[in-house]
Structure formats: C-alpha cells, structure tokens
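First the structure, in the form of structure tokens, and then the observations on it.
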Amino acid sequence: MPIQNMPKQQTGQDYTICFVGTCYDGFLAQHYQIHPEYLHASYQTQLDGILGTGFGDADFYSRGMRCHGWHAVDLIANCAALQSTWAQENQFDGGLLDILVEQVKKLQPDVVYLQNISLGTPELMARLRPLTRLIVGQIASPLPTFVQ
C-alpha cells in the first residue's frame with residue numbers, strides 16, 4: 001500500500017519516519033576528541049552535537065520531513081558512544097545492532113529509511129520488518145552483494 005494511502009496515526013503527527021545513518025569512524029573519533037564532554041552527556045546532547053556538525057546527511061532529511069508534518073527521528077547506528085548512552089538511559093542491554101532494533105521498536109515508525117544501504121543485511125531486515133510498514137534505502141554506488 002502506498003504510504004499516502006495509509007491510515008493516519010493518532011499521535012497528532014501524520015506519519016513517523018526513522019532515518020538510520022552511519023558516520024565514518026574517523027569523523028566520530030575526531031568529533032569525540034574535539035568534544036570529550038559528549039562522552040558524559042545525554043543521548044540527545046550527543047546526537048544534537050553530531051547532527052549539528054552538518055556532517056554527511058546530518059539531519060537535513062529529518063528537518064525537511066518535519067516541515068511537512070512528519071515526526072522524524074535520526075539514529076546513528078554505528079556510533080558506539082551514542083548508542084551505548086541510549087542503551088543506558090533506556091535500561092537496555094545489547095550490541096549496536098540490538099540497540100538499533102530496540103530504538104526502532106520503541107519508535108514504531110511508519111518508515112525506516114536506511115541512509116547507508118550496507119546496513120540492510122538480511123539479518124537486520126528480518127528484525128526490522130515486523131516493526132515498520134515500509135523500509136527504504138539510499139545508495140549512490142554499486143549495490144552490496146547481499147542485496148543483489
């Protein structure tokens with residue numbers, strides 16, 4: 001069913017979309033080196049700090065979607081410091097993939113948008129499929145072999 005034909009949610013927002021991205025390891029290392037205070041900051045403060053750099057896709061997509069009435073959330077799947085803080089704040093125990101799945105489970109988004117299609121392994125897709133109505137991805141290079 002096309003997303004525009006889906007029933008409206010009862011949350012006051014039309015739809016929820018979760019943008020799942022990654023950042024280069026070098027960028028994350030440098031970011032936390034320049035801002036060591038983030039290592040002891042809340043999840044939201046860390047996330048805002050990373051997104052505020054404008055690195056990569058940052059929160060450009062989510063800001064645009066919010067302008068159109070969507071509830072839009074950004075997740076950075078490979079940032080261990082950030083994801084570990086989320087897990088601590090939510091009394092959750094698990095690895096990075098488990099944390100990501102738990103975040104999506106709590107959000108119950110209509111759409112999960114993978115900004116790094118390499119995240120779309122068969123294992124992750126199987127775990128996300130029951131938690132959302134639509135999974136989409138973005139790629140600007142040859143497809144990884146597991147999705148061909």
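Among the residues in the stretch 74-96, are any open to solvent by 50 Å² or more (accessible area, probe 1.4 Å), closer than 24 Å to Gln138 by Cα, charged (D, E, K, R) and under 16 Å from the mean Cα position of the chain (by Cα)?
No, there is no match, as no residue in the stretch 74-96 is open to solvent by 50 Å² or more (accessible area, probe 1.4 Å), closer than 24 Å to Gln138 by Cα, charged (D, E, K, R) and under 16 Å from the mean Cα position of the chain (by Cα).
May I ask you to list the residues in the stretch 1-13 that are open to solvent by less than 60 Å² (accessible area, probe 1.4 Å) and either at pLDDT 95 or above or over 20 Å from Gln115 (Cβ atoms) (or both)?
Taking the stretch 1-13 and keeping what is open to solvent by less than 60 Å² (accessible area, probe 1.4 Å), we get 3, 6, 9.
Of everything in the stretch 1-13, those that are open to solvent by less than 60 Å² (accessible area, probe 1.4 Å) and either at pLDDT 95 or above or over 20 Å from Gln115 (Cβ atoms) (or both) turn out to be Met6, Gln9.
Hey, among the residues in the stretch 33-52 that are outside any helix (DSSP H, G or I) and either touching a residue at least 40 places away in the same chain (Cβ under 8 Å) or β-branched (Val, Ile, Thr) (or both), which one's surrounded by the most Cβ atoms within 10 Å (Cβ to Cβ)?
Start the filter on the stretch 33-52 by keeping residues that are outside any helix (DSSP H, G or I), which leaves 35, 41-42, 52.
In the following step, the residues that additionally are either touching a residue at least 40 places away in the same chain (Cβ under 8 Å) or β-branched (Val, Ile, Thr) (or both) were identified as 41-42.
Details: Ala41: 17, Ser42: 13.
Looking at residues that are outside any helix (DSSP H, G or I) and either touching a residue at least 40 places away in the same chain (Cβ under 8 Å) or β-branched (Val, Ile, Thr) (or both), I get Ala41.
Do any helices (runs of 4 or more DSSP H) lying entirely in the stretch 53-116 carry at least 2 residues that are on the phi < 0 side of the Ramachandran plot and in contact with a helix residue (DSSP H, G or I) (Cβ under 7 Å, 6 or more places away or on another chain), and which ones are they?
Working: elements: 60-67, 80-89, 96-107.
Where helices (runs of 4 or more DSSP H) fall fully within the stretch 53-116 and carry at least 2 residues being on the phi < 0 side of the Ramachandran plot and in contact with a helix residue (DSSP H, G or I) (Cβ under 7 Å, 6 or more places away or on another chain), they are 80-89, 96-107.
The values are calculated or read from the model by the stated rules, or taken from the named source; none is laboratory data. Remember, predicted model here, so these are calculated numbers, not experimental data. Neighbour counts run over all protein chains shown; Cβ positions are idealised from the backbone, glycine included. Please note that ligands, DNA and RNA were not included when accessible areas were found on the heavy atoms of the full protein model with its side chains. Shrake-Rupley method; radii C 1.70, N 1.55, O 1.52, S 1.80 Å.
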